[in-house]
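The values are calculated or read from the model by the stated rules, or taken from the named source; none is laboratory data. The structure presented is a predicted model; accordingly, all values stated were derived computationally and were not measured. All Cβ positions, glycine included, derive from the backbone under ideal geometry; neighbour counts span all protein chains shown.
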Amino acid sequence: MIKYILRRVGFLILTLFLVASITFFLMKLLPGTPFNNPKLPADQLAQLKAQYGLDKPVWQQYLNYLWGAVHGDFGTSYQFTGQKVSYLISSRLGPSLQLGAQAMVVGTLLGILLGALAAIRKNTWVDAVATIFAILGRSIPNFVFAALLQYFVAFKWGVLPVALWEDGFSSSVLPTIALAMAPLANTARFMRTEMVDVLSSDYIELARSKGDSQWQVVARHALRNSMIPVVTIIGPMAVDLMIGSMVVENIFAIPGIGEQFVKSITTNDYPVIMGLTIMYCFMLTVVILIVDILYGFIDPRIRLSGEAN
Amino acid sequence: MAASKHIAPDAFKLAHVAATEKEYIAAPALTFSQDAMRRLKQNKAAVISFWLLVIIFAAALLSLVITPHDPNAQNLNYTYLPPKWGDLNIPFFNGHENGIDMYARNQVPKGTYFLLGTDYLGRDLLSRILVGTRISLFIAVIATLFDLVVGVGYGIISGWNGGWIDTLMQRVIEIISSVPNLVVVILMLLVFKPGLKSIIVAIAVTSWITMARLIRAQTLKLKDQEFVLAAKTLGESSFQIALKHLVPNLSSTIIIQTMFTIPTAIFFEAFLSYIGIGLPAPTASLGTLLNDGQKALQTQPYLLIYPAIVIVVLMLAFNLLADGLRDAFDPRSAH
């Protein structure tokens, strides 16, 4: 197991290194410089370049960048003069993490509930409603859903704050719902398939013949066994959440890293884009690694096959 | 028991069945794909989705030839006109806003109607939705092509060759997929100029990954089977085996996965245009329409709601059809 984890961590570092390198050279490929004001005198331009380290040869810039990145220093933002990228990211990480965590918890829990209900009441109206819900959750783009929520719930009915991050928990409710739709739909669908499988297995039959009630069967045996594979889709769902947060944070004007990313794209703030790309990658690979290790602990069969590789 | 005793054994006699009749099979033998089509046709949601998609495709293609109005023609006298369906007085579709007839106020000549209203530049929303849908479908077709050519090709080569080639190709996939694919797309769009070409390049880089993975796993299973061995023994080249023996056996995976790629590609385009790095103005796409609609949401909600309905219906139809196809081609997954 330790060998497996070490191998995975090594691979994670290699991936991050490659991603950092690729983003760096992509950014170097971009035409023009951040200082393309024609009125800028040559000596000031040279001074600015020296200040940002852009006068050195590319390989030296690259090594500097990597060295900085290892120490959590991603350079200085072009858009906000003098602001460290690392500071910009860390100061905005809070709302994004809170939203992401809330959406993940709400989405998976409700999804498990909905999927389990659908499986237990298979081929009834409960199943139909749950299926429709899951399909709609997959089909409505989260930014459309967010915009509609904002219009109807916040603007028309005035129940919750329309935007911004100033009313504590209540301003996080609508964005969380908008973000949670995708994980909810995915989990519900996955859970239903698993649970239907489990409910028709021999050990459930045995539990029933022992005289367990439906509730006991579901709570003691079926639920737990069907929940194990759901762990595997947490990784892909984390990706969805990161992507979703970019637009949802934008729509609700939440000061998170998703909103910062979109803002930096529209203003060509390359250091911030690079920093955030690496950040997203890091979070994603770590989430997937944790999920894989967790899964190995829950289900020993996976651990064995992982080591055999 | 008692009754049976009274029946004499000679009350029974052998029925005469002709030998040919015994061998006769009433139901026609179905091939795998015929069987799948039969199952698909039983799935009402999938059938309705299929016809919905046909209609949407037809309408979008028709917009190449004719649209109700020029989708990019601006007319500042006609800005923000609500929907009006001729002289039919249907609520929400009678050209009134807050009780005022906006058509009369803006002195729109009689006989000029905008079925779904106009946007902030006086452009006809219906025409723009039609053109936008066409772009979304075009992107869907492109993504499908990459899925079929690159994804299937990559998967088969990786799985078939095995060894270091496989290891290398899988590491490449792992690295690409460890970055959220939208981040890859966004980086691509920064290097190239935003536009249809860049979106296509971006899709080319990311969209085929899942397909390649699935196809590789299937190829690994297939390549040890007897029919492949037989083909090898007969001296067929790897390329021939892939084309004649592997691809037909992979067809259900290919069909199902393609159907799941399409909604993702449509979502991609809409997402990119929505955050402002997709298609540049004035091109209409579902994403740009949603973006414009979002800006006017508080006063003219229909500008967001109609494109939203179109994209939701499109995604819904593709998802339902994909589910139906999966259940039809892979009955074990259906339950």
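Answer with yes or no whether B:LEU250 is modelled with pLDDT of 85 or more and in a helix (DSSP H, G or I).
In short, no.
Quick one: B:PRO263 ticks every box in (1) within 14 Å of another protein chain (Cβ to nearest Cβ); (2) part of a loop (DSSP other than H, G, I, E, B); (3) crowded, with 21+ Cβ neighbours inside 10 Å; (4) within 24 Å of the chain's Cα centre (by Cα) bar one, so which box is it?
(2)
All but one of (1) modelled with pLDDT of 70 or more; (2) surrounded by 15 or more Cβ atoms within 10 Å (Cβ to Cβ) hold for B:GLY163, so report the exception by its number.
(2)
State whether one or more residues within the range B:153-161 are in a helix (DSSP H, G or I), within 14 Å of chain A (Cβ to nearest Cβ) and without any contact (Cβ under 8 Å) to a residue 40 or more places away in the chain.
No.
If we scan the range A:261-278, do we find a residue that is touching a helix residue (DSSP H, G or I) at 6+ places or on another chain (Cβ under 6 Å), within 17 Å of A:LEU12 (Cβ to Cβ) and within 11 Å of chain B (Cβ to nearest Cβ)?
Scanning the range A:261-278 turns up at least one residue that is touching a helix residue (DSSP H, G or I) at 6+ places or on another chain (Cβ under 6 Å), within 17 Å of A:LEU12 (Cβ to Cβ) and within 11 Å of chain B (Cβ to nearest Cβ).
Identify all residues within the range B:17-62 that are surrounded by fewer than 13 Cβ atoms within 10 Å (Cβ to Cβ) and outside any helix (DSSP H, G or I); write none if there are none.
Across the range B:17-62, the qualifying residues are B:VAL17, B:ALA18, B:TYR24, B:ILE25, B:ALA26, B:ALA27, B:PRO28, B:ALA29, B:LEU30, B:THR31.
Looking at (1) of a type in the set (A, V, I, L, M); (2) out of contact with any Leu (no Cβ under 6 Å at 6 or more places or on another chain); (3) within 14 Å of chain B (Cβ to nearest Cβ), which is the one condition that is false for A:ALA188?
(2)
Within the range A:169-267, considering only helices (runs of 4 or more DSSP H) that don't extend past its boundaries, which have at least 2 residues that are under 30 Å from B:ILE275 (Cα atoms)?
Passing ranges, in order: A:170-199, A:234-251, A:257-266.
Looking only at the range B:296-325, count how many residues are free of Cβ contacts under 8 Å to residues at least 12 places away in the same chain and more than 9 Å from every other protein chain (Cβ to nearest Cβ).
Result for the range B:296-325: 1.
Looking at B:SER285, is it under 19 Å from B:ILE199 (Cα atoms), small (Gly, Ala, Ser), more than 9 Å from chain A (Cβ to nearest Cβ) and touching a residue at least 12 places away in the same chain (Cβ under 8 Å)?
In short, yes.
Could you look through the range A:107-159, keep only residues that are of a type in the set (S, T, N, Q) and over 25 Å from the mean Cα position of the chain (by Cα), and pick out the one that is nearest to the other protein chains (Cβ to nearest Cβ)?
Only one residue tops the list, namely A:ASN123.
Any residue at all in the range B:189-204 that's of a type in the set (Gly, Ala, Ser), farther than 15 Å from B:GLY278 by Cβ and loosely packed, with under 15 Cβ neighbours inside 10 Å?
No, the range B:189-204 has no match at all.
Just to be sure, is A:ASN250 touching an Asp or Glu at 6+ places or on another chain (Cβ under 7 Å), within 30 Å of B:LEU272 (Cβ to Cβ) and within 11 Å of chain B (Cβ to nearest Cβ)?
yes
From (1) surrounded by 14 or more Cβ atoms within 10 Å (Cβ to Cβ); (2) not in a helix (DSSP H, G or I), pick out the condition that doesn't hold for A:SER86.
Going through the list (1) surrounded by 14 or more Cβ atoms within 10 Å (Cβ to Cβ); (2) not in a helix (DSSP H, G or I), A:SER86 breaks only (2).
If the Cβ limit is 8 Å and pairs must be 6+ apart or interchain, which residue in the range A:224-239 that is without any contact (Cβ under 8 Å) to a residue 12 or more places away in the chain pairs with which residue that is assigned to a helix (DSSP H, G or I)?
If the second residue must be assigned to a helix (DSSP H, G or I), no pairs are left.
If you check B:THR299, B:THR283, which single one turns out to be over 17 Å from B:PRO83 (Cβ atoms) and among the β-branched types (Val, Ile, Thr)?
Just a single option satisfies the conditions, and that option is B:THR283.
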